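Shown next, in structure tokens, is the structure this report addresses.
Derivation of every value follows stated rules applied to the coordinates shown; laboratory data play no part. All of these numbers come straight from a predicted model, not from anything done at the bench. Note that we place each Cβ from the backbone using ideal geometry, even for glycine, and neighbour counts take in every protein chain shown.
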Amino acid sequence: MPRNKPLVLLSAGHACVDVYQGAVAAMVPFFVAERAYTYAAASGLVLAASLLSSVAQPFFGALTDRRPLPWLLPVSTVLGGLGVALSGVSGSYPLTLLCVALSGLGTAAYHPESARVARVASQGSHRSMGWFSLGGTLGFAAAPLLVAGVVATGGLRLSPLLVLPALVGSVLTLPVLRALRTLGRAPSVSGGKLAGEGRNDWVSFVRLSLAVVCRSVAFVGMSTFVAFHVREQTGGGTAAGTAALFVLYLGGAVGTVVGSGLAHRWDRVTVVSTSYLLTAWAVAGVVFVPGPAVYGFVALTSIGLYVPFSLQVTLAQDYLPTRVGTASGITLGLMVSVGGLASPVIGGIADATSLRTALTPLIVMPALSWLLVRALPEPAVPGPLRGERAEEVRSAERSGL
């Protein structure tokens, strides 16, 4: 666990935001049960949150490259929670779509700026960035438990209670904002990037981004439909599906920690590509293995998809060292959002055929990620800081960042 207090607070705040990215998928079974939505209609809610987040996140990333926007952290946290909290209040499908889209906008605004601040706090450390990413993954993992605890108790009408993590998360950002204000005029920090030196490798960045898209399709597809699929595979009820979703998200927390640790023994590209290759096998197990054993493959799939999580963020930042906000916004936006674009397609296939048939193409996604990543160059790891850059980081350390 890092001793850096602002990084710990950022990680906790990240959890409070990402709980809402997991909450939309976790609420899908309840929308189906209470409002009789079809698979396609329910997955449209995931699309609404994902589409706006995917489109807006790179925009916010480019914005933070031009100037820091630390006030976005508390504001976007509340916005993300408010959208999900209001989604269960109205029975109107268009209003529900609007609410989850509002939540997607909040998470889109949060991630690029938080990743910029986390990069300053971590001084480029893979392990520290792993802890920051872990916070978000734990938020994902907590989502099905939070939603089940609230909505399963009193129905969708109790969804306003889901705003509580957002309120907590916004308060946690306040000490970080105070620390940022003490940095003064350090050029690298105030300019939105930590010593933005070096040449941008756009070709490698685009290939990495395409791999992230494939990863996102696999993960969002699983998170949207795994609860229904496991209920069919095991013959269980709603609890069996909720447990599967929890395992999927909790495995992500394990994968995030494992990935940042492995990057200190092998280069990031090797760790990421190997993980994707193994994940293709794990996804096949989820789709085809019957009975309780499916839970083990759900866990392996999640671990395999999350080992690359924080490593892809630092790779993207190192491929675009002068566009850290843009790299963070695009990578995080694609990683957690763009897969929602495929969800209605998967839902439509499931309505027309079966869930197993609809989920089978997801096996190919991590394999495609492996093909795209395996030949990428490993960017140079930042070495000892010298001169003005060292002074800027020492200034950040003295301020608590």
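What to note about this one:
- For peptides 98-110, 24-36, 249-261, sequence by mean Cβ density within 10 Å, most packed first: 98-110, 249-261, 24-36
- Total formal charge among the other residues, if their Cβ is under 14 angstrom from that of Gly221, Lys/Arg +1 and Asp/Glu -1: +2
- Residue-wise HN-Hα coupling along region 93-109, computed from phi with Karplus coefficients 6.51, -1.76, 1.60 (Hz; x: Gly, Pro): 5, x, 5, 5, 4, 4, 5, 6, 5, 4, 4, x, 5, x, 5, 5, 6
- Extension gain (nm, one decimal) between Arg66 and Arg157, 0.36 nm per residue minus Cα-Cα: 28.6 nm
- Counted charge near Thr77, where neighbours are those whose Cβ lies closer than 12 Å (Asp, Glu -1; Lys, Arg +1): -2
- In order along region 84-90, phi translates into HN-Hα couplings of 5, 4, 8, 5, x, 6, 9 Hz, rounded to whole numbers, per the Karplus curve 6.51 cos²θ - 1.76 cosθ + 1.60 with θ = phi - 60° and x for Gly and Pro.
- As a calculated quantity, the FRET efficiency between Glu378 and Val78 at R0 = 35 Å, using C-beta atoms, amounts to about 0.35.
- Surrounding net charge for Gln312, when Lys and Arg each add one and Asp and Glu each subtract one, Cβ distance under 10 Å: +2
- Counted residue by residue at 0.36 nm each, then reduced by the alpha carbon distance between them, the extension gain from Leu98 to Arg356 reaches 89.9 nm.
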